[in-house]
1. On the given criteria, is residue A:121 surrounded by fewer than 24 Cβ atoms within 10 Å (Cβ to Cβ), within 25 Å of residue B:93 (Cα to Cα) and not small (Gly, Ala, Ser)?
2. Are any residues in the stretch A:119-135 among the polar types (S, T, N, Q), closer than 17 Å to residue A:199 by Cβ and not in a strand (DSSP E or B), and if so, which ones?
3. Here are the criteria: (1) more than 11 Å from chain B (Cβ to nearest Cβ); (2) touching a Leu at 6+ places or on another chain (Cβ under 9 Å); (3) over 22 Å from residue A:132 (Cα atoms). Tell me which single one residue A:40 does not satisfy.
4. Would you say residue A:100 is in contact with a helix residue (DSSP H, G or I) (Cβ under 8 Å, 6 or more places away or on another chain) and either closer than 19 Å to residue B:77 by Cβ or at pLDDT below 95 (or both)?
5. Has the stretch A:208-217 got any residue that is in contact with a strand residue (DSSP E or B) (Cβ under 9 Å, 6 or more places away or on another chain), polar (S, T, N, Q) and surrounded by fewer than 18 Cβ atoms within 10 Å (Cβ to Cβ)?
6. Tell me the residue from A:145, A:138 that is surrounded by fewer than 24 Cβ atoms within 10 Å (Cβ to Cβ), among the β-branched types (Val, Ile, Thr) and in a loop (DSSP other than H, G, I, E, B), please.
7. Identify, please: which residue in the stretch A:61-82 is assigned to a helix (DSSP H, G or I) and facing chain B (nearest Cβ under 8 Å) and is, among those, surrounded by the fewest Cβ atoms within 10 Å (Cβ to Cβ)?
8. Is it true that residue B:264 is surrounded by fewer than 17 Cβ atoms within 10 Å (Cβ to Cβ), under 22 Å from residue B:108 (Cα atoms) and modelled with pLDDT of 95 or more?
Amino acid sequence: MTETNTILADTHPMKSFLRTDRIPHIWCPGCGIGTTVNAFANAIKSCSIPLDKICVVSGIGCTGRVAGYVNLDSFHTTHGRAIPFATGLKLANPELEVFVISGDGDLFAIGGNHFIHAARRNININVICVNNFIYGMTGGQLAPTTPISAKTSTSPYGNSENPFNLPFLAESSGATFVARWTTYHVKQLTRAIIKALNKKGFSFIESISPCPTVYARKNRLGIGLDIMKFYKENSTVNNKANTREIGIDFQKEIVVGDFVDI
Amino acid sequence: MEKAKRVLSGDHFIQGDIACSEGAIAAGCNFFAGYPITPASEIAERMALRQPGLGGVFIQMEDEIASITAILGAAWAGAKSMTATSGPGISLMLENIGLGMITETPCVIVNVQRGSPSTGLPTLWGQSDMMQARWGSHGDYSVIALCPNSPQEMFNLTIEAFNLSEKYRMPVFILTDAIVGHMTEKVTIPKEEDIRVYPRRYTKLPPAEYLPYKPEADLVPQMIKAGDGYHIHTTGLTHDERGYPVMTADCHHDLIWRLINKVKNNQDDIIRLEERYMDDPEIVVVSYGISSRVVIPAVMRAREEGINVGSMRLITAWPFPEERIAELSERVKGFVVPEINCGQMVREVQRSCKCIKPVTLLSHPGGDIHSPDDVYQAIAAIAKS
């Protein structure tokens, strides 16, 4: 490599958004959580809201660790309970811009009831779900988002339970902004987070993310790069999609877009 | 909505649950999250009626887990927050009570106890959650729990609970029961200027110098609120003074002992007892909450008959006054402990007196209460022994 095409930077471009004293982080190579955090950091960088007023609340799990790495008022709560904690924060001080960033198991299994009720109440918070279809931190168990037939450590013969279709669940529960992108769609994901920031009401963004260490390994899907290629080749952008029809089947088409914006 | 009067100074004839809400409001409570449950619903209903007019927040959450978690979030946004429930609700809240303890979040949790376990006796009273309050969430920590025995004390002690929660930066329990909660009696609400309110211990340090879990001399760290520019991190994981997770036995040792010792080292400031007829007593009746109200007639009758018996009422069940019991056990013949459970606080009395003196348990599992005669007979039996 010649010197001219080497990109050098003294500091990480997102340094001011990160707790650099906590790096290295715990996430695996190829994981999409870092990409989602990067999209989040880009989104808040481009908005006019002072960083002092932005809070991040996480539950438990790999994505639950996001709160520990962002240089904001950040709260790492209990499993499934990020949304009610965020509800308390937001209602007690409506000037705060409150984000919940957590995983699919945390938000939709143990925390599922809180999600639908926060959407029903139209609490003015933003929920970003990193959906990797599996419980990563505990070693690859079945999630409420695991596609039919996918293998996990607790569905070794293939999952036989219907997964949640998260955008449909969010829309039908009352969310005023609903989007789904994959971590291949970094720019669209960032723009969706900006839209959520500017939306007064309950906003939900699903970030479909590779989990090379457990989901991909158990289902022989290759490394993180192979999954990104899959997202590129199998994603269909359709902002007007009926959320009822965009459930995710194992290794089939993923419909992405900003589906609800009211 | 028209601005309502915050402190309703004057004499009232109101229910214990209502008095609890008014005490909270007088203490500055401006955030209540709860879920309906007998016999605590009236606390939520009063808050739903009162908070909007005061510029505060009332929210009925989807369950008790959400209620406790919402009041923790609200506290970190600067609110003085409370939730109220009964035994089944506390069972659901326990994990996040632990989160409140380890993140040192000031708030008040009211348990209007009913006959338990499980659904038990929804409309009838009990005192069987005393040990649950002490040990319910997993792990080691210390608790503060206050036990009102009248609607007036529901008012007074709810203010005390808020003050203790701010002073020691932790969730504080009100442990009452369905009788006190639903009893209607005279409650005198003082003038606003006569109510002592302990302010939150906000730091004066700039963000660059502030460490969210660095304790003061009394082992309590100073607090901030979200949005003030401190960019703090707080977690239920074992953490260092920065609030950052540290997965080592040493860090865990320092944190857990500090959580325990911040109550233990300050117990003289926290423990509240009401001692009556305690002039060198031969026998002591140890009671709390509603069952303390049947003790005094029994003690007076025994004293009229020449038995030197005194009454110790635990206003704070936790921390337990073990040193005072130990000191008394050197001099007395025995203790009588009436409680509406199968023997919970009696274990503390036995432990504190190191079993050197007889301790008589008077037990009702719930839905019933001792008569003064029951207590008198137990006193007389020790006196004769």
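The values are calculated or read from the model by the stated rules, or taken from the named source; none is laboratory data. From a predicted model like this one, the values you see are computed outputs, not experimental measurements. Here the Cβ is made from the backbone with ideal geometry for all residues, glycine too, and neighbour counts use every protein chain on show.
1. Yes: the conditions hold for residue A:121.
2. A:122, A:124
3. (3)
4. Answer is yes for this residue.
5. No, the stretch A:208-217 contains no residue that is in contact with a strand residue (DSSP E or B) (Cβ under 9 Å, 6 or more places away or on another chain), polar (S, T, N, Q) and surrounded by fewer than 18 Cβ atoms within 10 Å (Cβ to Cβ).
6. Testing whether each residue is surrounded by fewer than 24 Cβ atoms within 10 Å (Cβ to Cβ), among the β-branched types (Val, Ile, Thr) and in a loop (DSSP other than H, G, I, E, B) leaves just A:138.
7. A:68
8. For residue B:264, the condition - surrounded by fewer than 17 Cβ atoms within 10 Å (Cβ to Cβ), under 22 Å from residue B:108 (Cα atoms) and modelled with pLDDT of 95 or more - is met.
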